[in-house]
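Heads up: the structure comes next, in structure tokens.
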Amino acid sequence: MRRRQNHQDDNAEVNMTPMLDIVFILLIFFIVTATFLSEEGLDMRPPPDSDTPPDSNAPPPIVVQVDNENQIFVNQVRTDVDRVLSAVNRFRAEAPNSAVLLEVQDEAEHGIIVQIWDEMGANGVPVSIQRSNSET
């Protein structure tokens with residue numbers, strides 16, 4: 001006679017509790033260590049209309065134009081993107097309180113525009129931006 005051996009089914013069960021604990025700990029770690037940055041953008045809205053007339057003694061603005069081919073002109077003189085600040089400073093030497101009007105066309109590269117904007121802001125030059133039509 002044969003003996004029957006009682007074999008217990010070897011059901012291998014994975015205990016999921018420690019794995020879930022680790023997942024929740026990692027989740028909390030990443031939530032706590034994540035940095036939430038508030039990114040600033042360029043304010044493209046025009047300034048509100050004012051009732052006061054413009055100052056007649058104010059010097060005319062220095063016009064920096066960026067066309068569709070990314071050519072840069074400072075008061076109608078062609079210049080390189082790295083030399084815009086020096087060209088503006090030359091014109092500001094003649095009229096120290098003059099502001100800069102950044103006139104860009106629709107197809108101009110945004111990187112160039114932002115680089116010019118940042119250079120002017122870092123050197124304390126007041127700058128405003130104006131979009132011009134491509135047809136002109």
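Each reported figure results from applying straightforward, stated rules to the coordinates on display, with no laboratory input. Just so you know, these numbers come straight off a predicted model, no measurement behind them. For neighbour counting, all protein chains shown are included, and Cβ atoms are generated from backbone atoms with ideal geometry for every residue, glycine included.
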Checklist outcome for this item: For E119, the net charge from surrounding residues (Cβ-Cβ under 11 Å; K, R +1; D, E -1) works out to -1
Item to check | 15 Å beta-carbon shell around R90, net charge (K/R +1, D/E -1) | outcome: -1
